[in-house]
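The values are calculated or read from the model by the stated rules, or taken from the named source; none is laboratory data. Not measured: the values here are computed from a predicted model. So basically every Cβ, Gly included, is an ideal-geometry build from the backbone, and we count neighbours across all protein chains shown. Note: areas computed on protein heavy atoms with side chains; ligands, DNA, RNA excluded. Shrake-Rupley method; radii C 1.70, N 1.55, O 1.52, S 1.80 Å.
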Amino acid sequence: MKTKRILITLSLGYGINMMGFESSLTREQISVSNPELTVLSLREFCMLSKENLLRMDDMTPDKVAAIERLLAEYSLRLGMSDVELEAYLNRYYEENPKEKEFYDMCDRLCNSKPVFDENSFREELFRELNSSPMSEKRLSDLGWLRYQTVRETYLNQPFFLRWFGSQEARIKRAIKDTTIIHDMFCRLVTENCIESERWYFNHKEPEYIKEV
């Protein structure tokens with residue numbers, strides 16, 4: 001008769017329910033509702049000693065005994081060492097190679113989460129902010145903003161420059177001041193966009209890729 005085994009990396013509640021389907025024990029006999037235990041995996045639960053388990057709320061001697069009977073049906077017990085559990089897990093994967101391939105694929109997908117490429121985003125945004133001000137045959141919104149900036153800079157120059165400066169000197173000064181203002185604007189926009197784009201990138205729903 002084949003020895004029954006279960007994947008011990010499952011959550012405790014799900015693992016006990018899975019084992020309980022083929023057992024004569026009732027759900028009430030083996031259910032675990034203690035919050036300190038429900039967060040554990042089946043592997044972590046098996047590392048607990050019987051004495052420690054009995055000290056916890058809602059774990060009566062009868063319930064612990066029923067859970068021990070259930071674990072024994074799957075060659076498990078309380079108080080197992082990490083070495084024993086690792087050997088158990090390896091044996092389970094040897095008997096279920098398809099599951100091993102599936103969980104390995106899940107691990108690869110989880111561990112290969114793409115990282116936000118800040119440098120590429122900066123370069124793309126820089127090209128967009130400093131692209132041609134024309135959109136087809138008219139000024140783009142950003143082009144119009146730059147026109148208004150250079151206009152206001154030229155018309156609001158200091159009085160001494162308006163009185164004594166040549167038109168060429170005034171134009172050069174307006175272009176220089178506008179360039180500085182535009183550069184400050186681009187830096188501000190870039191930093192704000194990077195923070196929002198990074199947040200969106202880290203919180204967007206993952207795209208699951210099917211491996212071939």
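For segment 53-72, give me the residue count where each residue is in a helix (DSSP H, G or I) and either polar (S, T, N, Q) or in contact (Cβ under 8 Å) with a residue 12 or more places away in the chain (or both).
Of the residues in that region, 10 qualify.
State all residues of segment 76-91 that are in a loop (DSSP other than H, G, I, E, B) and surrounded by 14 or more Cβ atoms within 10 Å (Cβ to Cβ); if no residue qualifies, say none.
The answer is Leu76, Leu78, Met80.
Consider only pairs whose beta carbons are under 8 Å apart and that are at least six residues apart or on different chains; among these, list those whose first residue lies in segment 25-52 and is over 15 Å from Lys63 (Cα atoms) and without any contact (Cβ under 8 Å) to a residue 40 or more places away in the chain and whose second residue is β-branched (Val, Ile, Thr) and open to solvent by 70 Å² or more (accessible area, probe 1.4 Å).
Here the result reads Ser41/Thr9; Leu42/Thr9, each pair linking segment 25-52 to a residue that is β-branched (Val, Ile, Thr) and open to solvent by 70 Å² or more (accessible area, probe 1.4 Å).
If you take the residues in segment 119-139 that are of a type in the set (A, V, I, L, M, F, W, C) and more than 15 Å from Asp183 (Cα to Cα), which one is most open to solvent (accessible area, probe 1.4 Å)? Steps first, please.
Step one: of segment 119-139, the residues of a type in the set (A, V, I, L, M, F, W, C) are 121, 125-126, 129, 134, 139.
Now restrict to residues that are more than 15 Å from Asp183 (Cα to Cα): 121, 134, 139.
Numbers: Phe121: 42, Met134: 95, Leu139: 72 Å².
Among those that are of a type in the set (A, V, I, L, M, F, W, C) and more than 15 Å from Asp183 (Cα to Cα), it is Met134.
Given the structure, is Leu142 of a type in the set (A, V, I, L, M, F, W, C), over 21 Å from Lys204 (Cβ atoms) and surrounded by 14 or more Cβ atoms within 10 Å (Cβ to Cβ)?
Numbers: of a type in the set (A, V, I, L, M, F, W, C): yes; over 21 Å from Lys204 (Cβ atoms): yes; surrounded by 14 or more Cβ atoms within 10 Å (Cβ to Cβ): yes.
Taking the combined requirement at face value, the residue satisfies it.
List the pairs whose first member sits in segment 73-95 and is at pLDDT 90 or above, whose second member is small (Gly, Ala, Ser) and surrounded by fewer than 16 Cβ atoms within 10 Å (Cβ to Cβ), and whose Cβ atoms are under 6 Å apart, counting only residues at least 6 apart or on separate chains?
Gly79/Ser49
Can you tell me which residue is modelled with the lowest pLDDT among those in segment 17-33 that are under 21 Å from Lys4 (Cα atoms) and assigned to a loop (DSSP other than H, G, I, E, B)? I'd like the intermediate steps shown before the answer.
First pass over segment 17-33, keeping only residues under 21 Å from Lys4 (Cα atoms): 17-27, 29-31.
Among the residues that remain, those that are also assigned to a loop (DSSP other than H, G, I, E, B) are: 21-26, 31.
Details: Phe21: 80, Glu22: 75, Ser23: 79, Ser24: 80, Leu25: 81, Thr26: 81, Ser31: 84.
The selected residue is Glu22.
Taking only segment 14-33 into account, find how many residues are open to solvent by less than 80 Å² (accessible area, probe 1.4 Å) and within 21 Å of Phe102 (Cβ to Cβ).
4
Only one of Glu44, Glu36 is under 32 Å from the mean Cα position of the chain (by Cα), closer than 14 Å to Gly15 by Cβ and part of a helix (DSSP H, G or I). Can you tell me which?
On the way: Glu36 fails: closer than 14 Å to Gly15 by Cβ.
Step by step, each of Glu44, Glu36 is checked, and only Glu44 is under 32 Å from the mean Cα position of the chain (by Cα), closer than 14 Å to Gly15 by Cβ and part of a helix (DSSP H, G or I).
Go over the candidates Ile180, Ile194, Ile175, Ile171 one by one and state the one that is over 30 Å from Glu101 (Cα atoms), out of contact with any Phe, Trp or Tyr (no Cβ under 6 Å at 6 or more places or on another chain) and surrounded by 14 or more Cβ atoms within 10 Å (Cβ to Cβ).
Step by step, each of Ile180, Ile194, Ile175, Ile171 is checked, and only Ile194 is over 30 Å from Glu101 (Cα atoms), out of contact with any Phe, Trp or Tyr (no Cβ under 6 Å at 6 or more places or on another chain) and surrounded by 14 or more Cβ atoms within 10 Å (Cβ to Cβ).
Hey, among the residues in segment 34-70 that are touching a Phe, Trp or Tyr at 6+ places or on another chain (Cβ under 9 Å) and within 18 Å of Asn90 (Cα to Cα), which one's most open to solvent (accessible area, probe 1.4 Å)?
Arg43
Can you run down the residue pairs with Cβ atoms below 9 Å, 6 or more apart or on separate chains, where the first is in segment 189-212 and of a type outside the set (Asp, Glu) and in a helix (DSSP H, G or I) and the partner is open to solvent by 100 Å² or more (accessible area, probe 1.4 Å) and modelled with pLDDT under 80?
Listed by first residue and then by second, the contacts come to Phe201/Val115.
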